[in-house]
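*Asks:* This is the structure I have questions about; it appears just below.
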Amino acid sequence: MKKIMICCTFLSLLFCVGLFGKEEIDDLAMVMAVGVDKAENGEIWVTAQVVRPADARGDAGVGGTEGDPIWTATGEGKTIFEAIRNLARFSSRRIYWGHNAIIVISEEVARDGIVDVIDFFTRNNELRMRTWIVVTEKKANEVVAVKTGLEVIPGRSLDRLFRYSPIVAEAPRTDVMSLSASYIGEHVHPYLAMVRLRSRGVDPENPKEFGSIPQIELSGIAVFRDDQMVGRLNPRESRGFLWFVEDVGNAIIPLSCPDEEGPVSVELRDNRFQLTPNYKNGKVSFIATVETVTDLVELGCPTELEHSEVMEDLESDVAAYIKKDIEVMLEKVQKEFKVDAIKLGRAFQAKYPQYWNDLKDDWDEIFPEIEVKVNVKVELNNPQLLENPTRKGKD
């Protein structure tokens, strides 16, 4: 009997502990997106996009009209933590980060340094390490506050924007984990995707006015030296950058027909990239080799040439396009930014560990002078469009 009483008491204690540790969903303000800006007085602004459960009931809440799916508010403080804590002054619920999809940092904050941002969000035990982190050219609060995309919750739309970003291959998929990992290696500088607001959406009440509603779109890459942003790459330069750091995906290469005026679209399908370091007579060099199998998906011009000749011309044009993307990017990263964000040092260390110790202290000075030879091999599939072009050639 005594043993039974002890067991019952123990189970009761466990049940009580569970009750005391429980937090009701109705008590939480679930953040879906957060923006970090710098105020004119030098303090930090943190803007949180919070899901409003009132949307499901049709109720109105503080700062929102009836049925708004989100509530957006900004806290200000000398530190990120103080700014977030100050949100509690007017939030009726505790700020909860477990569902946050994205962290947006303004370029102004990024150029001053993001070490405080990284430190706070990596120490936050509620935040997922797979949370996306990006830079925007202007104010982060504008990106966080805008209602955009196909999803009811804009933060979820931003999350899916990055999940499907390989389709356009114009920005990397950067999250808190990959950013933190970039600081572990020697002479490896981080990079983050960039987003911007652009008038793309069409107002159904005024469809003739194209691009009247602001939408969020990918806009390139922010390159850092340590924790400070030093420059940006545009979308095409970013595609050249992506060959070195992640899969380019199913990018589209726009071209023109050989000897004709008309559009051609080629889609990358099966991509392979190899970076080969060389060290000879005390000089470091690399060979970057791209091999890609592509599909001809659009041929908007007539052709009377032999198939083999057209195929060779188009393959040559695609190879030249990819090579130019990479070479323009290399010129900018090596000569202007002078930071090894494309991980050449890591590749050299893997092949020549015996020489790395002699070069690593001077790598930042060596990197801008490294010669990188780019070789591109293209195989074009789906030549059926050449057999029956939509437009007829001249008689």
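Readers should treat all values here as calculations from the given coordinates under stated rules, not as data from a laboratory. What you are looking at is a predicted structure, and each value in this text was computed from that prediction instead of being measured. Cβ coordinates were reconstructed from backbone atoms using ideal geometry, including for glycine residues, and neighbour counts include every protein chain displayed.
*Asks:* Sort Tyr191, Tyr321 so the one with the fewest other Cβ atoms within 10 Å of its own Cβ comes first.
*Replies:* The most exposed by this proxy come first: Tyr321, Tyr191.
*Asks:* Tell me, what HN-Hα J-couplings in whole Hz come from the Karplus equation 6.51 cos²θ - 1.76 cosθ + 1.60 at θ = phi - 60° for each residue of segment 71-76, using x for Gly and Pro?
*Replies:* Karplus values, whole Hz, x for Gly and Pro: 10, 10, 9, 10, x, 10.
*Asks:* Ranking Glu237, Glu336 by Cβ neighbours within 10 Å, fewest first, what do you get?
*Replies:* If I rank by nearby Cβ atoms, fewest first, I get Glu336, Glu237.
*Asks:* Do any GluC sites (Glu not before Pro) in segment 238-289 lie in a DSSP loop with no more than 11 other beta carbon atoms within 10 Å, and if so, which?
*Replies:* Glu261
*Asks:* Continuing with this model, one more query. Provide the per-residue ³J(HN,Hα) series for segment 136-147, in order, calculated from phi with Karplus coefficients 6.51, -1.76, 1.60 and θ = phi - 60°, each as a whole number of Hz, with x at glycine and proline positions.
*Replies:* Result, rounded to whole Hz: 10, 5, 10, 8, 5, 5, 5, 5, 5, 7, 6, 8.
*Asks:* A further question follows. Separation between the Ser316 and Asp27 pseudo-spin-labels, each 7 Å from Cα along Cα→Cβ, expressed in nm?
*Replies:* For Ser316 paired with Asp27, the spin-label model returns 7.2 nm.
*Asks:* Counting other C-beta atoms within 10 Å, which of His99, His189 has the fewest, and how do the rest follow?
*Replies:* Fewest to most other Cβ atoms nearby, the residues stand as His99, His189.
*Asks:* Quick one: 3J(HN,Hα) in Hz for segment 92-105, Karplus 6.51/-1.76/1.60 with θ = phi - 60°, rounded, Gly and Pro as x.
*Replies:* With coefficients 6.51, -1.76 and 1.60, one gets 7, 9, 6, 5, 10, 9, x, 10, 4, 9, 7, 10, 10, 10 Hz.
*Asks:* If you don't mind, another one. Beyond 19 Å between alpha-carbons counts as too far, so tell me which of Lys139/Lys332; Lys324/Lys360; Lys283/Lys360; Lys280/Lys360; Lys38/Lys139 fall in that bin.
*Replies:* In this structure, Lys139/Lys332; Lys324/Lys360 exceed 19 Å between Cα atoms.
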